[in-house]
Every structure is written in structure tokens, then in C-alpha cells.
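Here's the structure, in C-alpha cells; my notes come after.
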Amino acid sequence: MVYSYKKEIHTFISEKYRSMAQTKILIVEDEPAIAHDIAAILTGNGYNVCGIAHSSTKAMDYLVTKSPDIALLDISIKGDKDGIDIAHIIKKKHDIPFVFLTSFADKETIERVKETAPYGYIVKPFKESDLAPAIEVALLRKLSETKSFPTIQQINEVLLTSITSMEYEVAKLIWKGLKNQEIADELYLSINTIKTHISNLYTKTDTNNKGSIISFIRSVM
């Protein structure tokens with residue numbers, strides 16, 4: 001069973017934004033030359049760059065005054081906050097997706113980044129062709145989060161073999177992006193039991209990885 005994101009991405013763009021030109025992107029980048037290069041790439045792909053912030057103060061200002069639909073965040077920026085701090089503020093106050101676009105890839109930084117559950121992480125130097133797909137996937141993921149998770153009855157209606165109530169709970173946590181150990185901790189079960197539930201989900205939904213389970217769930221919505 002194979003699912004494609006392409007139709008959903010195009011539907012999202014057309015229904016919520018009508019066109020990419022209406023998708024407002026905030027760029028948070030302290031190097032002016034790099035920021036303007038990013039802006040040129042985005043506008044060349046039909047997006048609307050609503051602001052370029054070189055500091056944390058300006059970023060927080062633009063989040064309020066420009067009302068962006070998505071933010072691209074460098075980590076090392078001017079001001080008393082870095083890009084990860086800004087990501088936490090976005091999650092708490094602004095409810096928009098954000099993608100990190102940074103040269104940092106060390107373990108300590110990644111651990112801090114993981115706490116924000118970003119919608120994407122692009123390491124510099126990057127290819128121009130990396131930007132548009134990352135933005136579209138981030139927007140699609142945000143759309144998916146606004147939809148109600150299907151009931152177990154809705155899921156079982158499209159399956160030949162019904163999932164159990166515990167498999168359903170595991171599926172919900174997979175949807176949230178939790179790892180196996182995190183799912184085990186959340187449900188107070190052993191890691192081996194979780195692996196068994198996931199294996200059963202693969203069989204019953206005709207999938208073979210967590211990404212395809214997420215795609216399956218999205219198709220039921």
C-alpha cells in the first residue's frame with residue numbers, strides 16, 4: 001500500500017493559501033547576504049517573504065507584526081536569544097511551523113533542537129532545491145496536526161483486520177513522532193511489547209515503516 005504526499009501538498013496550498021504567493025515566510029538570519037540569497041530563492045519559487053530578521057528582537061517583532069505562515073530559523077543570531085529560543089517562543093505563542101536553516105549539526109545543538117520538535121532541519125551549505133520541498137512538507141505537517149486524529153472505528157472501517165485498542169494508542173503516539181522507548185514510557189509497557197504492537201500495525205495496515213503508518217493515518221482523515 002503506497003501513499004503519496006503530493007496531492008495533499010497541492011490541496012493544502014490551493015485551499016488554505018490559494019497560491020504560494022500568499023504563503024508568508026519569515027527569514028531569521030543574521031548574515032544579510034545569506035538572508036537575501038534565501039529570500040531570492042524563495043521568491044523565485046513563488047513564495048512571499050514577509051520579513052527578514054537579523055536579530056532575536058526583530059524576529060519577535062515580526063512574528064507579531066508580519067503574521068508569517070512559517071519561519072526559517074538560523075540558530076546563531078544577534079540578540080539575547082538564539083534561534084532555538086525563538087522556536088520555543090513560536091511554539092508557545094504563535095502556532096506556526098518553523099524550519100531550522102543552520103550550519104550547526106553538533107550533538108549538543110541537536111539535543112536542544114529536538115526539544116522544540118521542529119518541522120524541518122536543513123544544514124548549511126544547502127542546495128536551492130532543498131528549500132521549497134522542506135517548506136511544503138512543513139506546511140503539510142502543520143495542516144495534519146490541525147485535523148482530528150481518526151477514531152479506531154474510522155481506521156478499522158478501511159482495514160481487513162481490525163487493530164486493537166492498544167495498537168490504536170501506539171498509532172497515535174507514532175503520529176506524534178515519538179520513538180519506541182518514548183512510546184513505551186508513555187504507555188507504561190516494555191519496549192518489546194511496543195515493538196510487537198508496531199509489527200502488528202505494519203501487518204494490518206500493509207505498511208513497513210512509521211512514515212508509511214503516518215501516511216496511512218493521513219489517508220483516513
Legend entry - Residues satisfying the stated conditions in region 53-74, i.e. of a type in the set (A, V, I, L, M, F, W, C) and crowded, with 20+ Cβ neighbours inside 10 Å: Ala53, Ala59, Met60, Leu63, Ile70, Ala71, Leu72, Leu73
Inset, instruction - Would you please list the contacts, defined by Cβ atoms under 7 Å and residues six or more apart or on different chains, that run from a residue in region 30-41 that is within 18 Å of Ile70 (Cβ to Cβ) to a residue that is surrounded by fewer than 18 Cβ atoms within 10 Å (Cβ to Cβ)? - result: Ile41/Glu128
Inset, instruction - Any chance you could count how many residues in region 75-89 are part of a helix (DSSP H, G or I) and either free of Cβ contacts under 8 Å to residues at least 40 places away in the same chain or surrounded by fewer than 23 Cβ atoms within 10 Å (Cβ to Cβ) (or both)? - result: 5
Inset, instruction - Scan region 154-182 for residues that are in contact with a helix residue (DSSP H, G or I) (Cβ under 7 Å, 6 or more places away or on another chain) and under 18 Å from Arg141 (Cα atoms) and report the count. - result: 5
Legend entry - Residues within region 100-145 that are among the acidic types (Asp, Glu), surrounded by fewer than 18 Cβ atoms within 10 Å (Cβ to Cβ) and assigned to a helix (DSSP H, G or I), tallied: 5
Legend entry - Hits in region 23-43 - residues which are crowded, with 18+ Cβ neighbours inside 10 Å and small (Gly, Ala, Ser): Ala35, Ala39
Legend entry - Inter-residue pairs, beta-carbon under 7 Å, first under 22 Å from Phe216 (Cα atoms) and among the basic types (Lys, Arg) and in region 169-189, second modelled with pLDDT under 90 and surrounded by 14 or more Cβ atoms within 10 Å (Cβ to Cβ), 6+ apart: Lys172/Phe149
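The values are calculated or read from the model by the stated rules, or taken from the named source; none is laboratory data. No experiment lies behind these values; they were computed from the predicted model shown. Every residue, glycine among them, receives a Cβ derived from its backbone with ideal geometry; neighbour counts consider all protein chains shown.
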